[in-house]
Amino acid sequence: MLAPYCIRFAALVLAPALVFADDGLWLFDRFPKAVVKNRYGLDVTNEFLDHMRLSSVRFNSGGSGSFISPRGLLFTNHHVGADCIQKVSSAKNDYMKDGFYAKTDAEERACPDLEVNVLLRIEDITAKVQGAGGSTVAEQNAARKAKQTELEKACTAASGNRCDAVTLYSGGQYALYEYKKYTDVRLVFAPEYSVAAFGGDPDNFTYPRYCLDFALFRAYENGKPVEPKHWLRWSKEGAKENELIFVPGNPGSTGRLDTYAQLEYQRDTQLPNSLSFLDDMIASLKVFAKKDAEAKRLADAELQVYQNSYKAYSGFLRGLKDPKLMQQKQADEAKLRKAIADDPAKQGEYGKTWDEIATILGKWRADMPKYYALERIPANSTPLHLATEILRYANERTKPDDQRLREYVTPATPALEQELFSAAPISPELEKVKLASIFRAMRERVDAKHPVMQTIFANGRSAEQAAAYYVDGTKLADIELRKKLAADAAAANASNDPMMVLARAIDGPARELRKRFENEVESVLVANASKIARARLAAYGDKEYPDATFTLRVTFGTTKGYKNDKGEAVPWTTVTGGIYKRATGVEPFALPKSWLNAKGRINPNVPFNYVSTTDTHGGNSGSPTVNAKNEIVGILFDGNIEGLPNRYVFTDDQARSVHVASQGIIESLRSVYKANRVLKELGQ
């Protein structure tokens, strides 16, 4: 639910093995054309890559997508678009349950706070950022951030576009990404949730699959549909077995360049901490969903997100508990460290980096849960998140950009204001459940005598009673009040709205912990990780790609099956008829009426979902799958459970990405939904 030094001292030791796995979160400006030519016989031209890049989009809801028509039609996953689908729904018009189809432009529903971005330009700013100054690691870290903000601000002022400074290779390189942004995005088509997420949590991260996980939106500008110069055509033939495919998208994060100590930290501290919170939230939402039909409507989309995260993190943790994976990472690190130790000059420059990372993470382990509880977890509550954002926005905007928290600098303001002043509905009953879970998590991680805990649980309140107190008392559903408070720091700091009072109570301690983390931990991690990155880049050059950063990358691979743990052959594709055999009539294996009624019309042999060897990750959800002609042959929506450890080490023995076949999408639009307007726009 999605990517240049000349030191030769370790080249022989570190040269990558000659393997033929199709791994790679490739930057568009450093795509391995020669590899594709040698392996598949295809000449990948700059024109091919530029067209793919300019047709691809990033959804700020946490996924990817693409333009697929000359009238701004956007293609992504249902689960990427679910935030908008839910927000334009109501108890009367439940588009998550019943689906949605706009037969005219006028019927398309505007998403209240959705933004999509098209990557226009990449500029190398490494020298400018790394040369920003500072005498201590903390000062250097602050200077780098200030320089990134300065460059973003200048780019935005000159172009009018969104500009993001991106960290690559753990700080070994930096780039400025300039995006064309669209903030008027409207829902065009969405299937029912029950078929988009068929199989629910039991089938998530598994294969074979039968999900129609796609949705269509349209980008508008000045009240008219956008007419993009670049868009991806729909393949007439569709996906085929053993075919070379490409997946452009925005993978969220990976840890392939992390040190062994960082992986241990994630295994022993970070992931278990996150999983315990997710477990409680999921249990709470499940209970709430049983209350009545409206509660179920509200909880379903939330559950999908939290259950997906829980299963993903569990898979990451299994990978880090696999002795073979950890031994491989340890061996790779040992080779690099030995190569450095063999050169006295390099040992003096790089030798202590791994130990310094291990030391600072060891010191931070005790404070990490409290930092997570006060700075991270509150964002899971809509009203508390709004209160925190309003408070910080109001106060940060009184400071110069180079002194602000990075997410409140001037270039970030438009996207932040779109979120703060969104007209999206807020359900008090749902928010009470979520906030109670947050309070329980905070109580487990923060000492009971801490002032924040004293504020939340005043007068002996339980987590549920405290949540009811804050949610029932807040007036932040009023957009005009939000605007008033955000525009006036004094008003925000004096507001007696209970949620604003709570946000102020949390903000001081959270800021203190964040400052400590940035000055004492982040600064050390970046300084040392960038040294390791320089050593690795010197050895690998452009043969090694950077870890994912929710920025545009492109990966390639083939459509093919695999053998499971039992040695059984798993076919590359499923077919539409298979969903009827899988259906039981009981959620999450219950089909909507539209599919039951279409059983006699639908072609049961059309490819539905398929797997490939492409190297994809969270954030790639919604990425278009294209063939060697740059034509749509599907859409990426998941991976199998065997692929989750690919976050740290890539293998393709069993690991697979899972796609919805373009043929299955067309067959459903034609035979189930009779969506002739969409079919015509796609040239079908």
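The values are calculated or read from the model by the stated rules, or taken from the named source; none is laboratory data. Just so it is clear, the model here is predicted, and its values are computed rather than measured. Neighbour counts run over all protein chains shown; Cβ positions are idealised from the backbone, glycine included.
Can you tell me which residues in the stretch 473-514 are of a type in the set (G, A, S) and surrounded by 13 or more Cβ atoms within 10 Å (Cβ to Cβ)? Those that are of a type in the set (G, A, S) and surrounded by 13 or more Cβ atoms within 10 Å (Cβ to Cβ): G473, A477, A486, A487, A489, A491, A492, S495, A503, A505, A510. Restricting attention to the stretch 621-631, the residues being out of contact with any Pro (no Cβ under 9 Å at 6 or more places or on another chain), part of a loop (DSSP other than H, G, I, E, B) and buried (at least 24 other Cβ atoms within 10 Å of the Cβ) number 2. If you go through the stretch 99-109 and keep only what is buried (at least 16 other Cβ atoms within 10 Å of the Cβ) and not in a loop (DSSP other than H, G, I, E, B), you end up with F100, Y101, R109. Please verify whether L298 is outside the structural domain of L54 (by TED's automatic domain parsing) and within 30 Å of K363 (Cα to Cα), treating the condition exactly as stated. Criteria not met by L298. The set of residues in the stretch 586-617 that are touching a strand residue (DSSP E or B) at 6+ places or on another chain (Cβ under 9 Å) and buried (at least 16 other Cβ atoms within 10 Å of the Cβ) comprises V606, P607, F608, N609, Y610, V611, S612, T613, T614, D615, T616, H617.
Restricting the stretch 70-94 to residues that are in contact with a helix residue (DSSP H, G or I) (Cβ under 7 Å, 6 or more places away or on another chain) and outside any helix (DSSP H, G or I), the residue that is farthest from S427 (Cα to Cα) is R71. In summary, S170 fulfils each of the numbered conditions (1) in the same structural domain as V88 (by TED's automatic domain parsing); (2) within 21 Å of the chain's Cα centre (by Cα); (3) assigned to a helix (DSSP H, G or I) with the single exception of condition (1).
Residues are listed down the side, and each one gets a yes or a no for (1) outside any helix (DSSP H, G or I); (2) within 22 Å of the chain's Cα centre (by Cα); (3) farther than 28 Å from E192 by Cβ:
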residue	(1), (2), (3)
K599	yes, no, no
V611	yes, yes, no
G619	yes, yes, no
G643	no, yes, no
Q654	yes, no, yes
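Of the helices (runs of 4 or more DSSP H) contained entirely in the stretch 186-266, those carrying at least 3 residues that are more than 27 Å from N609 (Cβ to Cβ) fall at 260-265. In the set A127, A138, A165, only one residue is surrounded by fewer than 20 Cβ atoms within 10 Å (Cβ to Cβ), in contact with a helix residue (DSSP H, G or I) (Cβ under 6 Å, 6 or more places away or on another chain) and modelled with pLDDT of 95 or more; that residue is A138.
With the requirement that a residue be in a helix (DSSP H, G or I) and of a type outside the set (K, R), what does the stretch 561-597 give you? Result: G577, G578, I579, Y580, S594, W595, L596, N597.
Screening G634 against (1) under 21 Å from the mean Cα position of the chain (by Cα); (2) on the phi > 0 side of the Ramachandran plot; (3) outside any strand (DSSP E or B) leaves a single unmet condition, (3). Restricting attention to the stretch 336-346, which residues are surrounded by 14 or more Cβ atoms within 10 Å (Cβ to Cβ) and in a helix (DSSP H, G or I)? Answer for the stretch 336-346, where residues must be surrounded by 14 or more Cβ atoms within 10 Å (Cβ to Cβ) and in a helix (DSSP H, G or I): L336, R337, A339, I340, K346. Across the stretch 364-374, the qualifying residues are those that are within 14 Å of Q270 (Cα to Cα) and in a helix (DSSP H, G or I), and the one among them that is nearest to the chain's Cα centre (by Cα) is Y372.
For the stretch 647-662, filtering for residues that are buried (at least 24 other Cβ atoms within 10 Å of the Cβ) and among the polar types (S, T, N, Q) leaves 2. If you check Y207, Y260 for being more than 28 Å from T559 (Cβ to Cβ), among the aromatic types (F, W, Y) and either crowded, with 20+ Cβ neighbours inside 10 Å or at pLDDT 95 or above (or both), only one passes: Y260. Pairs are defined by a Cβ separation below 6 Å, a sequence spacing of at least 6 or placement on different chains, a first member in the stretch 412-431 that is on the phi > 0 side of the Ramachandran plot, and a second member that is in a loop (DSSP other than H, G, I, E, B) and not charged (D, E, K, R); no pair meets this definition.
Remark: pairs (first residue in the stretch 124-141, farther than 20 Å from A175 by Cβ; second residue at pLDDT 95 or above and of a type in the set (S, T, N, Q); Cβ separation under 6 Å; 6+ apart in sequence or on different chains) = G134/Q140; V137/S523; A138/N519; A138/S523. Checking each residue in the stretch 210-249 for being surrounded by 15 or more Cβ atoms within 10 Å (Cβ to Cβ) and over 30 Å from E642 (Cβ atoms) picks out L216, F217, R218, A219, Y220, P225, V226, P228, H230, W231, R233, W234.
In the stretch 37-69, the qualifying residues are those that are among the hydroxyl-bearing types (S, T, Y), part of a loop (DSSP other than H, G, I, E, B) and surrounded by 15 or more Cβ atoms within 10 Å (Cβ to Cβ), and the one that is farthest from the chain's Cα centre (by Cα) is S69. Here A548, A468 are screened, and the one residue that is at pLDDT 95 or above, in contact with a His (Cβ under 9 Å, 6 or more places away or on another chain) and among the small types (G, A, S) is A548.
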